[in-house]
């Protein structure tokens, strides 16, 4: 048998086949290994890639916690609003399939409802590469109902959508705007408590994951999931809306009446706990429309002369808005002026550097450096003459305070300055707290000591100044101020409760009481802070007027900061108040006239509200306003006899026998001096009127006499002088000069002392 033979060609084929087999095997092995790697090591990475391509993830916003005042009054909450959006890809697809222009239909139907430009809506429908395009945000329920109707009436369920969300809402509008702050478009806090407690209020957002096909249609998918949002906690603040409202009203009035140019600020604090009962800055802004300028800033912007489309206009607008948003009480610093004399005096009393009977002589100036010609003036350039230290403090005498500063010495003064908290932040739970500007200890000279002793040439924040005075009021303890009392969950359960935080005791209780008595004497005794007087309450206060030496007006004259700080009742303090007006321009520019009267008004409103009972002196009782009795429907003769027995002068008008009406109305308050009641005995009688006189600059005695001659009654406001005939003069009246007023009407006249008794001059 013949053996087969192997040709070279056959051998080559086998070899090639072997090589190919090896290559295929290697490729298969590589693919197997690759698949194994993808399914193990790279599984999560590539799974997420696939999911990202076929799923969309929507964030489920957590409900933001609420903000309450200390009594449970709602200050900030979240309300349901809606985002209106469209699916451009679906709109294009359905329009092509049905031969209809759904883009035009949607734009036509929604333009007026959403108050959005027609062309804008039409343009959004062209972005077909996006799954959705937003047409409007923060739409309320009423508008949402109209959108739903459009969707239902036109079968737009797959093209137009409503997504529920939340928008921050502030029931009080402007109330406590600087303390509360506001949230941004993303719902996060941007200013005030909203920012400070953002992590607590915000909660944790959830997620909702859905799968869609390449056309954007929703489809079932095993990875669809819902992660529930965790709602935020709520906070209960230390604020009291009644006290807040009283403070805001007085700040507004003080700023407007004094022609302020650089805002005003004020605070009311519980001196025992450090809790802020009220905190405000004026001009304010509406928290529900925080991006809009307030009327004051609009006027400034309008008067700038800049074109609305210019860079200068945009820059000024932004500056005005940022300034308005900032909390002046916490973020800015100022020269405290004579209000700081409280601190200097506390050092002197604590160190026993002066005795009650020791006298000091004020010639109207003082030479702080021995052998130097440098002279610093007193506000009373003719001098106060001989006086005790207590009287010097009440008179706000710069030389007396400088003499005491020299006794205290630089090192001791600096240490006390630090102890009172001026070289550190107060720690208030609000963002952006400012820091003081003071001398380096090594560079603190004798001349610096002299000016610092009466509150000039350094800067502190209003909250620092208030806390220092609060320490005097509460017996010498420096506290940490607080704006929040509690954090609570959605069920009202307490999560965190904040208590009083005492940093240190600075002065003894004995020193604090001694100083309180001196400051109260400066109010009730008719000295520097007399415009802070409140009948029935012992108010301890100090006024201040500091020059802004780093800023001058167009004529080269310095601007001033006028302030007043005080606490009450002086013998058992409960609250402290600070009022500050920056750059007033109208009237007599002293803290005693620009700030003190409004501090008194806050005290007058707040102390009775807090349950502090008024205790009147014999003099106050003798000068208290009386209430008009109710005499309508009485026999005229009996009514006249009754009113006269109460000290009223009575005039009967008409021929009837029974009183039909009276002026002033029953229960109207008026001063007892020359008080008159007019009784009308016929119905619909024409009342006799008089032309209202101008009482500007008149004393209380003179004003009362003028009004009595016109058959009018007087109600005195703003002074403790009553009918003493000296000191205070009329600065305002309830009825304008020249207006027609019914005889017997009570005219409220505001009196103020105009003494220049608190200015810190060099």
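The values are calculated or read from the model by the stated rules, or taken from the named source; none is laboratory data. All figures in this text were calculated on a predicted structure; none of them were measured in a lab. Note: ideal-geometry Cβ built from the backbone for every residue, glycine included; neighbour counts use all protein chains shown.
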Within the stretch 228-273, the count of residues that are at pLDDT below 95 and farther than 21 Å from residue 327 by Cα comes to 6
Taking the conditions exactly as written (in contact with a strand residue (DSSP E or B) (Cβ under 8 Å, 6 or more places away or on another chain), at pLDDT 90 or above, part of a strand (DSSP E or B) and within 30 Å of residue 203 (Cα to Cα)), does residue 545 satisfy them or not? no
All-but-one check, residue 677 against (1) touching a helix residue (DSSP H, G or I) at 6+ places or on another chain (Cβ under 7 Å); (2) modelled with pLDDT under 95, failing number (2)
Are any residues in the stretch 249-264 under 12 Å from residue 562 (Cβ atoms), in contact with a strand residue (DSSP E or B) (Cβ under 7 Å, 6 or more places away or on another chain) and not in a helix (DSSP H, G or I), and if so, which ones? 260, 262, 264
Across the stretch 539-551, what is the number of residues that are closer than 25 Å to residue 625 by Cβ and in contact (Cβ under 8 Å) with a residue 60 or more places away in the chain? 2
Of all residues in the stretch 128-146 being in a helix (DSSP H, G or I) and touching a strand residue (DSSP E or B) at 6+ places or on another chain (Cβ under 9 Å), the one that is nearest to residue 83 (Cα to Cα): 144
Test: residue 58 is modelled with pLDDT under 75 and surrounded by 10 or more Cβ atoms within 10 Å (Cβ to Cβ): yes
Positions within the stretch 632-671 being under 46 Å from the mean Cα position of the chain (by Cα) and buried (at least 16 other Cβ atoms within 10 Å of the Cβ), in sequence order: 648, 661, 662, 663, 664, 668, 670, 671
When the stretch 454-475 is examined, which residues are found to be free of Cβ contacts under 8 Å to residues at least 60 places away in the same chain and assigned to a loop (DSSP other than H, G, I, E, B)? 475
Unique residue being at pLDDT 95 or above, under 23 Å from residue 569 (Cα atoms) and in contact with a strand residue (DSSP E or B) (Cβ under 6 Å, 6 or more places away or on another chain) when the list is 515, 519: 519
Could you list all residues from the stretch 384-395 that are in contact with a strand residue (DSSP E or B) (Cβ under 7 Å, 6 or more places away or on another chain) and crowded, with 16+ Cβ neighbours inside 10 Å? 384, 387, 388, 389, 392, 395
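Residues are listed down the side, and each one gets a yes or a no for (1) over 30 Å from residue 354 (Cβ atoms); (2) within 32 Å of the chain's Cα centre (by Cα):
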residue: 397; (1), (2): no, no
residue: 408; (1), (2): no, no
residue: 413; (1), (2): no, no
residue: 448; (1), (2): no, no
residue: 462; (1), (2): no, yes
residue: 481; (1), (2): yes, yes
residue: 488; (1), (2): yes, yes
residue: 501; (1), (2): yes, yes
Regarding the stretch 200-210, can at least one residue be identified that is in a loop (DSSP other than H, G, I, E, B), modelled with pLDDT of 95 or more and under 21 Å from the mean Cα position of the chain (by Cα)? no
Regarding the stretch 401-416, can at least one residue be identified that is farther than 30 Å from residue 179 by Cα, at pLDDT 95 or above, in the same structural domain as residue 471 (by TED's automatic domain parsing) and touching a strand residue (DSSP E or B) at 6+ places or on another chain (Cβ under 8 Å)? yes
Any residue at all in the stretch 293-311 that is part of a loop (DSSP other than H, G, I, E, B), more than 18 Å from the chain's Cα centre (by Cα), at pLDDT 95 or above and at negative phi? no
For the stretch 313-323, check the following and say yes or no: at least one residue is at pLDDT 90 or above, within 30 Å of residue 419 (Cα to Cα) and either surrounded by fewer than 21 Cβ atoms within 10 Å (Cβ to Cβ) or assigned by TED's automatic domain parsing to the domain that holds residue 506 (or both). no
Report, by residue number, each residue of the stretch 483-520 that is touching a residue at least 40 places away in the same chain (Cβ under 8 Å) and in a loop (DSSP other than H, G, I, E, B). 483, 489, 490, 500, 501, 506, 507, 508
Identify, please: which residue in the stretch 675-695 is assigned to a loop (DSSP other than H, G, I, E, B) and touching a residue at least 40 places away in the same chain (Cβ under 8 Å) and is, among those, surrounded by the fewest Cβ atoms within 10 Å (Cβ to Cβ)? 694
Select from the stretch 704-721 the residues that are assigned to a loop (DSSP other than H, G, I, E, B) and surrounded by 21 or more Cβ atoms within 10 Å (Cβ to Cβ) and write down the one among them that is modelled with the lowest pLDDT. 721
Restricting the stretch 127-142 to residues that are under 18 Å from residue 288 (Cβ atoms) and touching a residue at least 40 places away in the same chain (Cβ under 8 Å), the one nearest to the chain's Cα centre (by Cα) turns out to be 138
Lone qualifier among 338, 307, 346, 290 - being more than 30 Å from residue 601 (Cβ to Cβ) and in contact with a helix residue (DSSP H, G or I) (Cβ under 8 Å, 6 or more places away or on another chain): 307
Looking at the stretch 741-755, is at least one residue at pLDDT below 95, out of contact with any strand residue (DSSP E or B) (no Cβ under 9 Å at 6 or more places or on another chain) and buried (at least 17 other Cβ atoms within 10 Å of the Cβ)? yes
Read through the list (1) at pLDDT 95 or above; (2) touching a strand residue (DSSP E or B) at 6+ places or on another chain (Cβ under 7 Å), then give the number of the only condition that residue 350 fails. (2)
Which condition number in (1) in contact with a helix residue (DSSP H, G or I) (Cβ under 9 Å, 6 or more places away or on another chain); (2) part of a loop (DSSP other than H, G, I, E, B); (3) within 17 Å of residue 261 (Cβ to Cβ) is the one that residue 556 fails? (1)
